[in-house]
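Shown next, in structure tokens, is the structure this report addresses.
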Amino acid sequence: MIPRPVLGLLYVFLAAALPTNAAVARKPASYRTDGVRRSSNSSLSNRAPDFDYKTAFPGIHWDIAETTCEPDEFDIIVEATRMANEMINYFEKTDRYDKTPAWHRYFVKDESLYFIHPNGWHGNEFTQSVYLNIRNNIRQAAAFPTTGKRNKAGHQGRRQKVAYSCTAPLPPATPNSCQWDEPGPGQRWTGPSATTSRPAQNNDEGWLIVFCPRFFKDRSLNGLRYLNDITKEPKSESSLPTLRSYEYVIAHEWMHTSLFGFKDFIDDLKADLPAVGNVPATGGVVSVYGDRYCHQFAWENQVSNPRKINIFAGDNADNYAWMYQYHWYARAFGWTSDGSVSKFAANISKAQDDELDSDPLDNIDPVTVTDGWTPPQASSTPINCHGWPEPLFVVELADDIQCAYVGEEYDQFVEDVKTGFKSVGGCDLS
């Protein structure tokens, strides 16, 4: 079998050598080249018949995935993209989502239901800035995949989209951290399920999400399943750490993609975590990844006196991804917890614990949270968010805000605001 990185190089060579109408790479059997699904026996047939994925998701560049993914792999990516978008939008459109159990588990809601708490999200200008950035990040993640962005000439080209691929970017791009060969008998996968690279790491060709072989083939406790398959049967909240979906991984990668309009890059963080509830201290620096550590990270200041929120949670991609997924599960399974109680230690064995933590972060250079580190999300308020009343006395008023759609990298959006906007026909817009 030809390794995938080599296959990618072979494809580029053939594409240059053969006529444009030659069959230089495999096409997903269940899709037409115009992006509309046709009948097949794939797992997607009964899920989204005649689904026009290119029209539905103009923020995604599909062409590379069409030629580098196996047919069944491509079906999984399309369906998981569709449902990841539904999952995020369900959360984003929930009224007062910062009072939900999902928010409380991974970001912690303000203690008071009405009056502003001095150590809460609305307690001071610093925490308010982080809060607004989190709100903006959720807004952009919900909107960009189905909206995208036209450039000034009116086109939606490669650089206006995030591309999908099932092979590593070609040299001299930053080396990919996927494990390309399947593990041997009795061995585990050691690479991530997917990775995201910036344009500068990808030969300046644009944002790229690579789906590693593990995304499709891991059959361990840590393996991925469709969100809709997971929710077919009742599940208790104690099983939460094992409920990792394809959609959750895509949501995680989207939260890294600054093209969506996040003011600052959302990273993968590492931290030394204290004991929280019945979850023991980590006893050293760990990757803040998975339900257990994301919950523990968000709640680490709840064991101090006075209790405080952890503003660093807004800079960790997995806190967002688990929040979206938890919110979906809470509705599907009828969970009644407020999100604050971790049942992880009482219900997951040590062997399962090790296996669940075995999926490494997709960022090759994660940030370690230390004393004195200032999270980027706290640096300033997004200019596209508005509605804050002055002065702020009550939470009900403080939450009366809106964040406008950005649709491009935030710095470029700021420049566009300064220079004015033009219509597709080139006319100045006020």
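The values are calculated or read from the model by the stated rules, or taken from the named source; none is laboratory data. Keep in mind that this is a model prediction, so the values were computed, not measured. Cβ coordinates were reconstructed from backbone atoms using ideal geometry, including for glycine residues, and neighbour counts include every protein chain displayed.
On inspection, Glu253 qualifies as at pLDDT 95 or above and in contact with a strand residue (DSSP E or B) (Cβ under 9 Å, 6 or more places away or on another chain).
Looking across region 238-275, the residues that are in a helix (DSSP H, G or I), more than 12 Å from the chain's Cα centre (by Cα) and surrounded by 20 or more Cβ atoms within 10 Å (Cβ to Cβ) come down to Leu240, Pro241, Leu259.
Within region 61-99, the only residue that satisfies the criterion of being touching a Gly at 6+ places or on another chain (Cβ under 8 Å) and either part of a helix (DSSP H, G or I) or within 21 Å of Asp318 (Cα to Cα) (or both) is Thr68.
Scanning region 381-413 for residues that are at pLDDT 90 or above, part of a loop (DSSP other than H, G, I, E, B), out of contact with any helix residue (DSSP H, G or I) (no Cβ under 6 Å at 6 or more places or on another chain) and of a type in the set (A, V, I, L, M, F, W, C) gives Ile383, Ala404. A single entry from Asn305, Asn347, Asn278 fulfils the requirement of being surrounded by fewer than 24 Cβ atoms within 10 Å (Cβ to Cβ), out of contact with any helix residue (DSSP H, G or I) (no Cβ under 7 Å at 6 or more places or on another chain) and modelled with pLDDT under 90: Asn305.
The set of residues in region 201-229 that are assigned to a helix (DSSP H, G or I) and without any contact (Cβ under 8 Å) to a residue 24 or more places away in the chain contains only Asp229. Restricting attention to region 308-334, the residues being out of contact with any helix residue (DSSP H, G or I) (no Cβ under 9 Å at 6 or more places or on another chain) and buried (at least 21 other Cβ atoms within 10 Å of the Cβ) number 0.
Filtering Arg198, Arg135, Arg158, Arg139 for residues that are surrounded by fewer than 19 Cβ atoms within 10 Å (Cβ to Cβ), touching a strand residue (DSSP E or B) at 6+ places or on another chain (Cβ under 8 Å) and either at pLDDT 85 or above or within 17 Å of His256 (Cα to Cα) (or both) leaves a single hit, Arg158.
Among the residues of region 278-331, count how many are touching a strand residue (DSSP E or B) at 6+ places or on another chain (Cβ under 6 Å), among the polar types (S, T, N, Q) and closer than 28 Å to Pro234 by Cα. Counting residues in region 278-331 that are touching a strand residue (DSSP E or B) at 6+ places or on another chain (Cβ under 6 Å), among the polar types (S, T, N, Q) and closer than 28 Å to Pro234 by Cα gives 1.
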